[in-house]
1. Under unit Cβ charges (Lys, Arg +1; Asp, Glu -1), what dipole magnitude, rounded to 20 debye, does region 3-104 have relative to its Cα centre?
2. Calculate the length of the line joining the C-alpha centroid of region 288-340 to that of region 101-176, in whole Å.
3. Considering only 5, 52, 101, whose Cα is most displaced toward the positive end of the charge dipole of region 3-104, charges sitting on Cβ of Lys, Arg (+1) and Asp, Glu (-1)?
4. With the full set of protein chains in place, find how many percent of the accessible area of region 109-374 is carbon and sulfur; take the probe as 1.4 Å.
5. Alpha carbon centre of region 194-238 versus region 7-71: separation in Å?
6. Name the residues whose placed amide hydrogens come within less than 5 Å of the amide hydrogen of residue 397, ignoring near sequence neighbours (fewer than 5 apart) on the same chain.
7. Hey, got the dipole for the chain? About the Cα centre, +1 on K and R Cβ, -1 on D and E Cβ, debye to the nearest 20?
8. Take peptides 149-160, 263-274 and line them up by average Cβ neighbours within 10 Å, highest first, as a rough protection proxy.
Amino acid sequence: MKITGAKVFVGGPGKNYVTLKIMTDQGVYGLGDATLNNRETLPAAYLQDYLIPNLIGRDPRNSEDIWQFFYRGAYFRRGPIAMAAFGAIDMALWDIKAKLADMPLFQLFGGKSREGAMVYAHATGSDLEDLMDSISYYQEQGYKAVRVQCGIPGMPTACYGVSETKGDVKNYITDFRGIIPKEEVWDSALYMRYMPQALARIRERFGPDLHILHDVHHRLLPREAAEFAKEVEPVRLFWLEDPTPADDQDALKFLRQHSTVPIAIGEVFNSIWDCHELIQNELIDYIRVCVSLAGGITHVKRIVDLAAMHHVRTGFHGAPSHSPLCMAAQAHLNAWAPNFGIQEYLVLGTPECDALFPSDHRMEGGMVYVSDAPGLGVDFDESEAERYSYKPGSHPVVRLEDGTLWNY
Ligand code: KDG
Ligand code: MG
């Protein structure tokens, strides 16, 4: 069996999904996602210029050897662009393998450990009242877990994960006005004064059963993060995400000495080498990598297995930029993983998105139920894809009031 060709598409409804399709001489094809939010053209170019020419003629069933060939062959290891490109190939090869076996992908990992996998939604508000309405909305939809982010009185510009005006549901992660980023201003002292009591009021209003998550988005210093984590302990958060910049792993040691709040980290990681110490030293509770940016199923499964040995559970990244292909690969891992924790889930199912990526993965009552179709269980409609093209976008850049550059 041989790979005969591969194509890359960039675009989607309000997103720049990077979709890879690998074709074989037996008519079976595989699909993968290489979307690197706001840098989408780069994994696409890596695939087109270097990886696809090296795929032609290879046996697609040898996904491990192909992964090693690209990873070791690049010489310059890791990094989000390369790992996203390797990840898309790997995802597509697992899709092919499962289609050949005529099985849904989770069967190749060891079958199902659960029927439904709990997901969390993003509740957001320009202020606390607005956020409370948003939480109620998701609760009414059946969600058992919500991430809560709100505007902070006196903060010079919008905080991470919130819109500037009441009820506005704009996509606050990508600004499609161009590649020159918007600049926001952040004040850690205001945040630390306001947010703990806001979280306490949310717990009071919604009672003990709702799973409440909160994302600090790398904005606090280690000492501040420890103080914040200690203060929010009575809220009993499901998790506190990215309390400090994730690249300083020692910061977590200090936080751990001061608080028992569950910690989730890893959406910016792209390899096991970024998180093995955090996992082995049991400094985190949830690992947030995603299949598309961390080298695909082959590599992420290694992270999941290491995490399982250290009581660290999964909480895969699933921001709005993740395509239904990445979310499907994660749905299969979530169905299998003995150490599944939760899945971030932003509503993908617009009619346009469903037309581009038809599938019967199902979300109901705050749980995702994985498809039983062979492979990833998601298709890609190339004629629909012709409607879309790349749109330049950017993340905001954050500064302190005196102009010092800070972490988005
Ligand atoms: O592209 C960046 C986003 O994926 C990130 O800001 C989203 O923090 C995020 C989350 O938890 O989904
Ligand atoms: Mg996050």
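The values are calculated or read from the model by the stated rules, or taken from the named source; none is laboratory data. Only a predicted model underlies this, so the values are computations on that prediction, with no experimental measurement involved. Backbone-built Cβ (ideal geometry, glycine too); neighbour counts: all protein chains shown. These accessible areas exclude ligands, DNA and RNA; they are computed on the full protein's heavy atoms, side chains included. Shrake-Rupley method; radii C 1.70, N 1.55, O 1.52, S 1.80 Å.
1. Here the size comes out at about 220 debye.
2. Answer, in whole Å: 18.
3. Farthest along the dipole direction, towards plus: 52.
4. Carbon plus sulfur share of accessible area: 53 percent.
5. Cα centroid of region 194-238 versus Cα centroid of region 7-71: 40 Å apart.
6. 182, 183, 184
7. 660
8. So the order, starting with the most tightly packed, is 263-274, 149-160.
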